[in-house]
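Enquirer: Sending over a structure as structure tokens; questions will come in a sec.
Derivation of every value follows stated rules applied to the coordinates shown; laboratory data play no part. Since the model is a prediction, treat every value here as computed from it, not as a measurement. Note that each Cβ is placed from the backbone with ideal geometry, even for glycine, and that neighbours are counted across all protein chains shown.
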Amino acid sequence: MATIRLYLDKRRSKQDGSYPIKIVINHRKDIMINTPYSVKEKEWKNNRIAKSVSNSEAKNAKITKMMSDIEAKLLDLDRDGKLRLLSDKQLKEKLQTKRSDKPTLFIQTYKSFTDTRTAERTRELYNNTLNKILEYDPEPTFEGIDYDWLENFDLHLRQKGDATNTRAIELRNIRAVFNHALKKDITNVYPFRKFEIKKEETWHLDLEIKEIQSIIKYDGKWNHFRDCFMLSFYLIGMNLKDMLFAKKKDVKKGRLEYRRSKTKKLYSIKIEPEAKEIIDRYPDDEYMVSFIRMYKDYDGFKRAINYALKKLTDEEGNVIDERMSTYFARHSWATIASDIGISKDTISEALGHKYGSKITGIYINFDSEKVDLANRKVIDALTKEC
């Protein structure tokens with residue numbers, strides 16, 4: 001039977017001084033199969049890419065997988081009595097032939113599942129994950145994504161600098177596609193039975209009441225960002241993008257009525273006097289407030305406000321919280337609401353989360369007055385603590 005080995009082809013270097021790594025199959029003569037990688041001579045140690053090379057473990061794993069696939073094909077050909085009948089050219093063609101439509105099946109399943117996600121941001125996250133998968137493995141298959149593949153993919157992401165929780169998002173997205181494929185009888189393999197997706201506890205993204213009071217009292221060059229943050233807080237942690245693009249006509253009879261872009265859920269929020277004061281300070285013919293007019297686009301405004309919030313100082317000149325971003329408004333509202341005794345169901349409804357069981361949720365027509373009262377209590381808590 002044919003033998004197989006790795007070979008650093010030093011006959012001709014590339015422009016960067018590296019040499020291609022090839023898989024050599026000795027049949028009648030040596031047959032060379034290209035791998036996707038090339039390294040400099042000093043980076044090739046004991047038939048492996050040295051650890052000093054970026055993503056070395058993931059690259060070595062990919063090469064090992066390629067060799068295993070070739071060995072499997074050779075065994076099949078030998079068992080069927082076909083190997084000895086093939087010329088070197090014929091064998092090379094067979095070994096380089098892509099495996100049917102299995103990679104396409106995984107990719108198409110992944111894409112079709114992504115298309116069913118209703119939120120634009122969710123689809124974007126799934127597409128980002130697919131790009132990372134294809135960067136690591138150009139031909140992913142349901143059968144090929146096993147425990148070792150997941151471990152090496154996770155290692156590949158870690159070596160590229162992705163944090164633990166970022167990698168967890170990518171792995172959960174892959175798991176969701178496998179769950180979908182199982183339900184649809186597309187595959188019967190499931191590598192996540194033993195594979196554990198690791199995550200780290202994140203910092204709490206909330207502020208204490210006295211810190212929010214310091215934001216209210218802040219007076220400096222970033223007052224408009226202070227007002228934008230506080231308006232979000234007064235509107236129960238309203239999402240920045242939804243708030244910036246809320247229309248003037250969405251304000252009706254003292255309430256802001258809009259559909260959240262992420263979840264498509266309808267909201268009706270009572271505009272408390274503190275919120276109205278800020279809205280009146282930034283009038284616009286089209287939008288509820290004119291903040292978005294200050295920058296070329298939403299992304300520019302978002303970058304600017306998240307930079308400025310980290311620089312806000314209290315009356316003594318101390319930075320309030322160097323981690324602060326617009327997300328803190330929503331988390332802080334929820335934390336204060338919980339601290340002053342507002343029920344979890346009311347907080348969940350105010351934030352647009354699901355609460356209770358699916359069945360009870362069908363029959364409960366949540367009273368918006370409870371949410372209005374909760375928001376008033378949270379805002380009053382800022383005054384009582386002064």
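Enquirer: Could you tell me the relative contact order of the chain? Use alpha-carbon pairs under 8 Å, at least six residues apart, and round to a whole percent.
Expert: Relative contact order comes out at 12 percent.
Enquirer: When the dipole is taken about the Cα centre of the range 209-291, and only Lys, Arg (+1) and Asp, Glu (-1) are charged at their Cβ, what size is it in debye, to the nearest 20?
Expert: I would put it at about 460 debye.
Enquirer: Using a 10 Å Cβ count of at most 16 others and DSSP loop calls, identify the longest part of the chain lacking such GluC sites (Glu not before Pro).
Expert: 1-142
Enquirer: Report, in listed order, any pair from LYS22/LYS194; LYS217/LYS248; LYS252/LYS377; LYS253/LYS370 with a Cα-Cα distance greater than 25 Å.
Expert: Too far apart for the 25 Å limit: LYS22/LYS194; LYS217/LYS248.
Enquirer: Place a +1 charge on the Cβ of each Lys and Arg in the chain and a -1 charge on the Cβ of each Asp and Glu, then give the dipole magnitude about the Cα centre in debye, rounded to the nearest 20.
Expert: That gives the chain a dipole magnitude of about 1800 debye.
Enquirer: With a Förster radius of 45 Å, plug the Cβ-Cβ distance of ASP339 and LYS198 into 1/(1 + (r/R0)^6) and report the FRET value to the nearest 0.05.
Expert: That gives a FRET efficiency of 0.90.
Enquirer: Filter the trypsin sites (Lys or Arg not before Pro) in the range 165-229 to those in DSSP coil with at most 16 other Cβ atoms within 10 Å of their Cβ, and list the result.
Expert: Passing both the DSSP loop test and the Cβ count: LYS184, LYS194, LYS198, LYS199, LYS221.
Enquirer: Pop out the ³J(HN,Hα) list for the range 297-303 in order, Karplus 6.51 cos²θ - 1.76 cosθ + 1.60 with θ = phi - 60°, rounded to Hz; leave Gly and Pro as x.
Expert: Per-residue couplings from phi come out as 8, 4, 4, x, 5, 4, 4 Hz.
Enquirer: Apply the Karplus parameterisation 6.51 cos²θ - 1.76 cosθ + 1.60, with θ equal to phi minus 60°, to every residue of the range 213-229 and state each ³J(HN,Hα) to the nearest whole Hz, in sequence, with x for glycine and proline.
Expert: Listing the rounded values in order: 4, 5, 5, 4, 7, 4, 9, x, 6, 10, 4, 5, 6, 4, 5, 5, 4 Hz.
Enquirer: Place a +1 charge on the Cβ of each Lys and Arg in the range 259-360 and a -1 charge on the Cβ of each Asp and Glu, then give the dipole magnitude about the Cα centre in debye, rounded to the nearest 20.
Expert: Value, rounded to 20: 840 debye.
Enquirer: Explain nothing, just compute: Karplus ³J(HN,Hα) = 6.51 cos²θ - 1.76 cosθ + 1.60, θ = phi - 60°, for every residue of the range 313-321 in order, whole Hz, x for Gly and Pro.
Expert: Residue by residue, the range 313-321 yields 10, 7, 5, 8, x, 8, 4, 5, 7 Hz.
Enquirer: Show the residues, 5+ positions off or on another chain, whose built amide H is closer than 5 Å to the amide H of VAL39.
Expert: TYR19, ILE21
Enquirer: While we're on this one: For ARG376 and GLU286, what is the calculated FRET efficiency with R₀ set at 35 Å and r taken between the beta-carbons, to the nearest 0.05?
Expert: Rounded to the nearest 0.05, the efficiency is 0.75.
Enquirer: Sticking with this structure for a sec: Averaging sequence separations of C-alpha pairs under 8 Å and six or more residues apart, then dividing by the length of the range 166-305, give the relative contact order as a whole percent.
Expert: Here the relative contact order equals 18 percent.
Enquirer: From the helices alone, meaning DSSP H stretches of at least four residues, give me the mean residue ellipticity at 222 nm for the chain, per-run term -39500 (n - 2.57), in deg cm²/dmol to the nearest 500.
Expert: Value at 222 nm, helices only: -15500 deg cm²/dmol.
Enquirer: Follow-up. Per residue and in cubic angstrom, what volume does the convex hull of the Cα atoms of the range 102-193 have?
Expert: Here the figure is 90 Å³ per residue.
Enquirer: Further, regarding this structure: Using alpha-carbon positions, what is the distance between the centroids of the range 261-277 and the range 180-249, in Å?
Expert: That distance is 16 Å.
Enquirer: Run through the range 243-301 and list the trypsin sites (Lys or Arg not before Pro) located in a DSSP loop whose Cβ has at most 16 other Cβ atoms within 10 Å.
Expert: Counting only loop positions with at most 16 other Cβ atoms within 10 Å, the trypsin sites (Lys or Arg not before Pro) in the range 243-301 are LYS253, ARG260, LYS262, LYS264, LYS265, LYS296.
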